[in-house]
1. Within the stretch 39-89, how many residues are over 22 Å from E29 (Cβ atoms), modelled with pLDDT of 85 or more and of a type in the set (D, E)?
2. Tell me, which residue of the stretch 36-53 that is surrounded by 14 or more Cβ atoms within 10 Å (Cβ to Cβ) and among the β-branched types (V, I, T) is nearest to A73 (Cα to Cα)?
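The values are calculated or read from the model by the stated rules, or taken from the named source; none is laboratory data. On a predicted model such as this, the values are computed, not experimentally measured, just so you know. Glycine also receives a Cβ, built like all others from the backbone with ideal geometry; neighbour counts cover every protein chain displayed.
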Amino acid sequence: MPSRLKKHISKLFDEKLLQATWGIEFSHEILQEYFAACYITEDMNVDDFKGFAKTLFTLEWKMVRRFVSGLLAVKNSDQGMDVVPLINL
C-alpha cells in the first residue's frame, strides 16, 4: 500500500470516518470510490489496467473515473507536466 494511501486511511480512522474490527468498513460509498481510484493510480499494473479498462468506463464507475482523473492531474502537475482538462467523464 502506498504511503500516501496509508496516511489518508490513518487520518480517516483518527477522525472516526472509518471503523474496523477485522477489516475496513466504509461509512460512505464515496470513500470506497476514492480508495479504488488511489489503487488504480498508484498500484495497478498496466496489464491489469488493460483488462479492467472496459469496466472503468461503465456508468457505475463514473465517480471513480473522476477521482482517477483528479489524482492523475495532481500527480502530473507535481511533476511539472501540463494538465489537460478531461471532458465528459
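1. 2
2. T41
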